[in-house]
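The structure under discussion appears below in the form of structure tokens.
All of the numbers you see were taken from the coordinates with simple rules; none came from a lab. These figures come from a predicted structure and were not determined experimentally. Here Cβ is always computed from backbone atoms with ideal geometry, including for glycine, and neighbour counts include all displayed protein chains.
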Amino acid sequence: MSKYLLNKFLYTVDRDPDLVERYREDPSGTVTWWESTMANTILNCHTGESSTWLTFSPPERDALTSHDYVRLFELGAHPFLTLTLFIAMFERDYPEPLAFQKEYGRRLSHFSLPYPDIST
Amino acid sequence: MATLAAVIASTHHPFYYRASTAPPEERPPFADAWVAKILAFRETLTRARPDVLVMVGSDHFHQLWLDNMPQFLVGKAPFYDANFYNEEREFGLPRMTLRGNEDLSAHILRGGLDEGFDLAFSNELRIDHSVTCPIITLRPQADLPIVPIYTNIFAPPLPQPWRFVELGRAIRRLVESWPSDLRVAVIGTGHLSLELGGPRQFGPHGPDPEFDRRAVEWIATGDIERALSEVSLDSLWNPGNATHGFMDFMLMMGVAGDGAKADHVDTLDLFHTMEAYFTWYPEGVPA
């Protein structure tokens with residue numbers, strides 16, 4: 001299990017307007033592309049260098065591919081990263097302000113303290 | 001030596017800019033009351049006649065990332081660009097550029113290291129809404145040079161709460177030992193109880209109003225001892241999963257000093273979170 005890589009996916013997609021739209025429209029294709037070409041990029045490093053060992057576990061890949069933010073919470077993805085990216089993708093589909101955010105909270109209502117560990 | 005002209009602590013609410021600048025027909029019903037409180041708060045900084053601002057905040061996974069995560073970081077640069085695409089997107093925050101004061105940055109870095117804080121530094125730092133929100137509320141003309149100080153309240157493992165208090169005490173000593181005639185305000189923002197990306201988010205008020213009530217009391221009375229006895233890295237999950245941002249308030253209590261009663265205290269119970277505003281004048285209330 002790699003909470004770090006889950007977070008890295010959310011972080012790199014969230015900061016790129018084109019990737020936000022691409023992930024919204026084609027989650028499966030975006031996750032497959034990202035894992036095969038981007039997952040091992042070292043973000044704060046010379047270009048041309050990369051890691052060799054980063055892959056998603058099957059549940060992580062499934063959660064990202066299905067836009068399943070409840071499952072991402074359960075897997076320990078950083079809640080701020082998940083929330084920010086999912087607001088960017090889906091708030092627009094809800095007519096009332098904060099309606100998406102409130103539904104997001106309701107869908108997590110079966111979680112009680114302590115929440116899943118987000119340490120990386 | 002420099003004068004510590006004011007110590008200011010507050011929440012940072014990224015929605016304030018949009019709420020206060022929207023056309024009348026789009027302004028939320030609470031906007032006018034919020035603006036009135038902010039204008040009173042802003043006056044507490046204006047009255048202190050600061051020349052330089054030390055700004056304590058926390059990067060929200062913007063420039064700082066999990067492959068290289070500092071616990072405490074001091075910016076040392078002539079300029080700081082500010083705000084990021086996703087803050088523009090979600091909060092409507094404007095792009096900004098602030099000047100830096102490299103001499104004070106260097107003094108805090110050298111003195112902090114010599115006092116036992118292994119501070120990270122950055123010579124090219126783009127700052128985010130944890131610093132720009134208080135610029136917008138307290139000094140919207142953004143005309144004063146700053147020294148940004150980032151803390152990690154976001155990506156565990158985090159430093160202990162007492163360490164935030166100790167760093168705040170050290171920042172005060174370092175500002176007061178800076179060989180300069182300038183007047184320095186130290187401004188830090190954090191959170192009271194807050195939930196982001198969890199089941200208690202975006203409720204009608206903050207997730208734990210009782211914690212908020214006690215926290216405001218600790219801050220307003222400078223009761224560092226009580227805050228430290230009631231708060232731990234584990235306990236801070238209980239009021240809300242983003243409540244570790246309260247440790248930036250604890251840092252500011254360290255700057256203000258043990259038992260220092262705030263000269264200005266105000267709160268605003270908003271949806272989602274309680275806003276709180278505190279100002280101390282170490283040299284006495286300005287005339």
per DSSP, antiparallel bridges as share of beta bridges in the protein assembly as shown, % nearest 5, sits at 45 percent
Scalar couplings 3J(HN,Hα) for segment B:267-277 by Karplus 6.51 cos²θ - 1.76 cosθ + 1.60 (θ = phi - 60°), nearest whole Hz, x for Gly and Pro, are 9, 8, 7, 9, 4, 6, 6, 8, 8, 8, 9
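Can you classify segment B:92-198 as rounded, prolate or oblate using the Cα gyration tensor, where a ≥ b ≥ c are the square roots of its eigenvalues, rounded means a/c under 1.5, and otherwise it's prolate if a/b beats b/c and oblate if not?
Values: a/c = 1.78, a/b = 1.09, b/c = 1.63.
Oblate, because a/c is 1.5 or more while a/b does not exceed b/c.
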From DSSP H assignment alone, runs of 4+ in the protein assembly as shown each adding -39500 (n - 2.57), the sum over residues rounded to the nearest 500 puts [θ] at 222 nm at -12000 deg cm²/dmol
B:THR46 and A:ASN44 label points (each 7 Å along its Cα→Cβ direction) are spaced in nm at 3.9 nm
So for segment B:52-143, using the alpha carbon gyration tensor with a ≥ b ≥ c as root eigenvalues (a/c under 1.5 gives rounded; past that, a/b versus b/c decides prolate or oblate), I'd call it oblate
For segment A:79-85, in residue order, the Karplus 3J(HN,Hα) values (coefficients 6.51, -1.76, 1.60; θ = phi - 60°; whole Hz; Gly and Pro = x) are x, 5, 5, 4, 4, 4, 5
For A:31-37, B:39-45, ranked highest to lowest by mean beta-carbon neighbours within 10 Å, the order is B:39-45, A:31-37
Quick calc: nm separation of the 7 Å Cα→Cβ label points for B:GLU283 and A:ARG92 -> 5.2 nm
Within 10 Å of the Cβ of an average residue in B:190-201, the count of other chain Cβ atoms is 6
Computed over the protein assembly as shown, the distribution of all Cα-Cα distances in 20 Å bins, rounded to whole %, is 27, 59, 14, 0
Output field shielding_mean for A:107-114 (other chain Cβ, 10 Å radius) holds 3
Any aspartates and glutamates whose Cα falls less than 13 Å from that of A:LYS102, other than same-chain ones fewer than 8 residues away, would be A:GLU91, B:GLU195
Applying the gyration tensor rule to the Cα atoms of segment A:1-61 (axes a ≥ b ≥ c; rounded if a/c under 1.5, else prolate if a/b exceeds b/c, else oblate), the class is oblate
Straight-line reach check, B:LYS37, cutoff 25 Å on alpha carbons, 8 or more apart in-chain or any other chain, hits among lysines -> B:LYS261
By the mean-Cβ-within-10 Å protection proxy, highest first, B:187-197, B:161-171 rank as B:187-197, B:161-171
For peptide B:169-182, the mean count of other chain Cβ atoms within 10 Å per residue Cβ is 0
Over all pairs of different Cα atoms in segment B:220-260, the reciprocal of the mean inverse distance gives a Kirkwood radius in Å of 10.5 Å
Going residue by residue through segment B:237-254, the Karplus relation 6.51 cos²θ - 1.76 cosθ + 1.60 with θ = phi - 60° gives ³J(HN,Hα) values, rounded to whole Hz and with x marking Gly or Pro, of 5, 5, x, x, 6, 10, 6, 4, x, 4, 5, 5, 5, 5, 4, 5, 4, x
Mean separation of Cα contacts under 8 Å (at least 6 apart) over the residue count of segment B:3-280, i.e. the relative contact order in percent, is 28 percent
